[in-house]
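The values are calculated or read from the model by the stated rules, or taken from the named source; none is laboratory data. All values derive from a computational prediction rather than experimental measurement. Neighbour counts are summed over all protein chains in view; Cβ atoms, including those assigned to glycine, are modelled from backbone coordinates with ideal geometry.
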Amino acid sequence: MKTVFRTPTRRRFLAGSAAALAAPAILRSTRAYAQTPTLKVGHVSPRTGPLAGFAEADDYVLDAIRASFSGGLENNGRAWNVEIISKDSQSNPNRAAEVAADLILGDEVDIIVAASTPDTVNPVSDQAEINEVPGITTDSPWQPYFFGRNGVPGVGFDYTYHFFWGLEDVIAAFLDMWDGSGVTKVVGGLFPNDADGNAWGDPELGLPTPLAGAGYALTDPGRYQPLTDDFSTYINAFKEAGAEIVTGNMIPPDFATFWSQAAQQGFSPKIVTIGKALLFPSVIESLGDRGDGLSSEVWWSPNHPFSSSLTGASARDLAGGYSAATGRPWTQPIGFKHALFEVVADVIRRAEDIEDPAAIVSAIAATNLDTIVGNVNWANGPINNVTKTPLVAGQWQKEGDMFDLKIVANAQAPEIPLTGALKLL
């Protein structure tokens, strides 16, 4: 369901009074005669709350982007300063909408970007759409982004664009990983009652139909409420069905609760492949030895054969730079946060009139850019306003005292090399 603040758009507000009608002219005049005018980019991310793992590298990425933008970006032969204003969604959709509205109506950003699950990108995109401000988002499967915002195929949206992979890609990656394992094709599904969980568990758009078509029996006991403290019903259902695989999409605290209770109740699946929760090394490390062998989708890694259009850095360079600067392991959202601003820079340089939102939207739609996460080209999208990036599957394997995310299945993106083989739990 959309979270919508019934506020007037900037353009409609300015059209609402004679005094305000003069404002665009004053603004454009100020920009026209200023030696170096400034373009504002709003950024929304879940820095705190249960989704904070997605924003762990925000400071590192934003510092590097600001340094890259420090000399300004050129548009139509003129330099523009770029100011990035970042705000915390607190992992809350309502808060994400509030800070997006504040960025648009208070800070008057020219472009807004966001990342990290439908709980962030959907409300931010909705605010951009109703306020007629160009928006670019990532880090959410495209189905919960598009259909979760009541998108209509063939119609789409006017101001908001998204790049990431889709549920069809994550399903294909999971099946690629599981098919050669030799385990019984009985799967237990864990889907929360949120935008991601409802999309992943949807009978047609999500996992059930493709898994059945591939010969897997899915046991889905129904949606659980996020931050639940008791998974006994689900564990019992999986044990009764003889599930040897567990899959789904969970936030880290929920997976930790489930995995602890599974051990307590004697449930020992041979493969556990969970989206979202198992992306982050910090989560795996917190599980200790019980983190060894868990698996998930892999959006981005140091082994991805892509480079930044902004800096020329390879994926390995970017991941290694983060680890060297912070002393922490690389994490998958680094690449996509960086790529968001690669697209922003490319759009700023190409827009015919950087002060016209419609011209910025046209430049976004015309993007064809090789980024550190792969090619971003909305002409190749599976649906309006969406383009896809490659996806593989990986498994956390302990090497000494450290965990390494091995890429163990790459049939859908063979350009991304395998770095290990799947091991059963």
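This table checks each residue for (1) of a type in the set (F, W, Y); (2) modelled with pLDDT of 95 or more; (3) touching a Lys or Arg at 6+ places or on another chain (Cβ under 8 Å).
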{"position": "E108", "(1), (2), (3)": "no, yes, yes"}
{"position": "I112", "(1), (2), (3)": "no, yes, no"}
{"position": "A115", "(1), (2), (3)": "no, yes, yes"}
{"position": "V121", "(1), (2), (3)": "no, yes, no"}
{"position": "D126", "(1), (2), (3)": "no, yes, yes"}
{"position": "V133", "(1), (2), (3)": "no, yes, yes"}
{"position": "T137", "(1), (2), (3)": "no, yes, no"}
{"position": "P144", "(1), (2), (3)": "no, no, no"}
{"position": "G151", "(1), (2), (3)": "no, yes, no"}
Only unsatisfied item for I364, checking (1) surrounded by 20 or more Cβ atoms within 10 Å (Cβ to Cβ); (2) outside the structural domain of E108 (by TED's automatic domain parsing), is (2)
Over the range 316-345, the set of residues under 16 Å from A67 (Cα atoms) and of a type outside the set (A, V, I, L, M) is G321, Y322, K337, H338, F341, E342
Of all helices (runs of 4 or more DSSP H) fully inside the range 1-85, the set with 2 or more residues that are farther than 25 Å from I354 by Cα and modelled with pLDDT of 95 or more is 58-69
All-but-one check, Q397 against (1) polar (S, T, N, Q); (2) under 20 Å from V283 (Cα atoms); (3) in the same structural domain as R66 (by TED's automatic domain parsing), failing number (3)
Open item on the list: So, A313, is that one farther than 30 Å from G71 by Cα and small (G, A, S) or not?
Closed with: no
Within the range 251-300, residues over 20 Å from A195 (Cα atoms) and of a type in the set (S, T, N, Q) come out as T257, S260, Q261, Q264, Q265, S268, S282, S286, S295
The one condition G197 fails out of (1) modelled with pLDDT of 95 or more; (2) within 15 Å of L167 (Cα to Cα); (3) of a type outside the set (A, V, I, L, M, F, W, C) is (1)
Quiz prompt | Test: residue in the range 158-167 that is among the β-branched types (V, I, T) and modelled with pLDDT of 95 or more | solution = yes
